[in-house]
1. Just to be sure I understand the filter: pairs with C-beta atoms under 8 Å, separated by 6 or more residues or on different chains, first member in the range 351-362 and assigned to a helix (DSSP H, G or I), second member of a type in the set (Val, Ile, Thr). Which pairs pass?
2. So, Tyr116, is that one in contact (Cβ under 8 Å) with a residue 60 or more places away in the chain, aromatic (Phe, Trp, Tyr) and either over 20 Å from Arg160 (Cβ atoms) or not assigned by TED's automatic domain parsing to the domain that holds Arg160 (or both) or not?
3. Within the group Val250, Val276, which residue is buried (at least 17 other Cβ atoms within 10 Å of the Cβ), touching a strand residue (DSSP E or B) at 6+ places or on another chain (Cβ under 8 Å) and under 19 Å from Ala223 (Cβ atoms)?
4. Determine which member of the set Thr266, Thr304 is assigned by TED's automatic domain parsing to the domain that holds His333, among the polar types (S, T, N, Q) and within 26 Å of Thr51 (Cβ to Cβ).
5. Quick one: count up the residues across the range 163-199 that are over 26 Å from Val365 (Cα atoms) and basic (Lys, Arg).
Amino acid sequence: MSNEFEPLGLHPSILQGIHDLGYIRPTPIQKEAIPHVMTGRDVIACAQTGTGKTAAFVLPTLHRFLIERADRKHGVKALFLAPTRELALQSTQQLQDLSRYVPLRGTSIFGGVSMYPQTKALKEGVDIISATPGRLLDHVYQGHIDFGALEVFVLDEADRMMDMGFLPDVEKIISMLPPKRQNIIVSATMPPEILRLVKRIAHDPITVQVGVRQSTAAGIRHAVYPVPREQKTELLLRLLHDAGDNMSSVLVFTKTKQMASKLAHTLERAGISVGVIHGDRSQIERQRALDAFKAGQSQVLVATDVAARGIDVKDISHVINFDIPQTPEDYIHRAGRTARAEATGDAFCLVSPDEEEMVKDIERVINQVLPRVTLPNFNYRKGSPASAGRDAHRGGRPHHGGGGRPHGRSGGGPSRGGSSRPR
């Protein structure tokens, strides 16, 4: 079977790695962005969460360094800057998976863990660094990193970087980089703040945008459950209990770290296998929880928005917004954890009266009315017939006329374990 990555012109060693991983075709953002990145131009890549943006810059970066081996300087050649530990690790994992026949070394740099292993790796020599801003600056200030040989700078999930308040650190880091470099800005959305930053750092960039801006993936089935705030936990337990095996891999988002821990404890006491990740958890604890969720050992992963990006888990069946996100963009990113790579998935919102306006904002941005599902004894709206809830609620997901789509994950085209392409 032919591999659709071949026409992109990637180095044979990279194509061999892609072949070994069983990937068959590039995603639309990979197909559009990779040729431009390979030319050395500055690129702005904008696509929805879960569309393969990481490989869109990892693959052509590997290609560039392979064909320029004779002219390469010694030292760090590429910097991938990410807002969270999970995203930094995801880029490094993609690098490792795709570079098995490429003589390049990469490492992750992030906080919450000892600096010693990172310092040791840097002293031994690396070609590519995937890092979060704060810990990267720690290493720079201690003299562990020299950017003199840097050729490629990638600002990954740029909009999230801005949302998390990293702009000052990002600008410090950019000021330390060689002026002559390739800039790749990757983001799910392009708010004005990002466009202003791009204008300052990019040189005649080409913009690659795939999909409708400010929208959720087509395969996501949405539902809003009106419920008094004090009954949210009870409703979540009801949904998990009634759905049975249909809710096999559930990512639950809360607004605060305290609520995430409290909710996880309550679910655990109810006999549900659960993990939790948020900013107060150590990197080891977060990785252990994420690994258990990936392996199917935990049915539920409770998280704050630190996990809205960078969680690369196949076949998440449901994303549940226990608390409604502050912005419609955050809703898009949360929902994007399911229905990845053309699959289908469910995104539920447990909505208290004070959150109704936030839901309306989401609906305006995604240009879609989110269907309401009313359950007996939970709906705070007076006069809603209980029968409507019973009809609407089938196995923990909204009922769709005519049978709807099957609940199982379904991708487009050939696949390998649910995926036919690098993420």
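1. Listed pairs, sorted by first residue: Glu355/Ile324; Met358/Ile324; Val359/Val224; Val359/Ile324; Val359/Val351; Asp361/Thr327; Ile362/Ile324.
2. Spelling it out, it is not the case that Tyr116 is in contact (Cβ under 8 Å) with a residue 60 or more places away in the chain, aromatic (Phe, Trp, Tyr) and either over 20 Å from Arg160 (Cβ atoms) or not assigned by TED's automatic domain parsing to the domain that holds Arg160 (or both).
3. Val250
4. Every option except Thr304 fails the conditions.
5. So the answer is 3.
Listed here are the residues, each with its yes/no results for (1) in the same structural domain as Phe65 (by TED's automatic domain parsing); (2) farther than 16 Å from Leu87 by Cα; (3) surrounded by 18 or more Cβ atoms within 10 Å (Cβ to Cβ).
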position: Lys120; (1), (2), (3): yes, yes, no
position: Ala149; (1), (2), (3): yes, yes, no
position: Asp159; (1), (2), (3): yes, no, yes
position: Asp169; (1), (2), (3): yes, yes, no
position: Ile173; (1), (2), (3): yes, yes, yes
position: Pro179; (1), (2), (3): yes, yes, no
position: Asn183; (1), (2), (3): yes, yes, yes
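The values are calculated or read from the model by the stated rules, or taken from the named source; none is laboratory data. Bear in mind that the values here come from a model prediction, so they are computed numbers and not experimental data. Neighbour counts run over all protein chains shown; Cβ positions are idealised from the backbone, glycine included.
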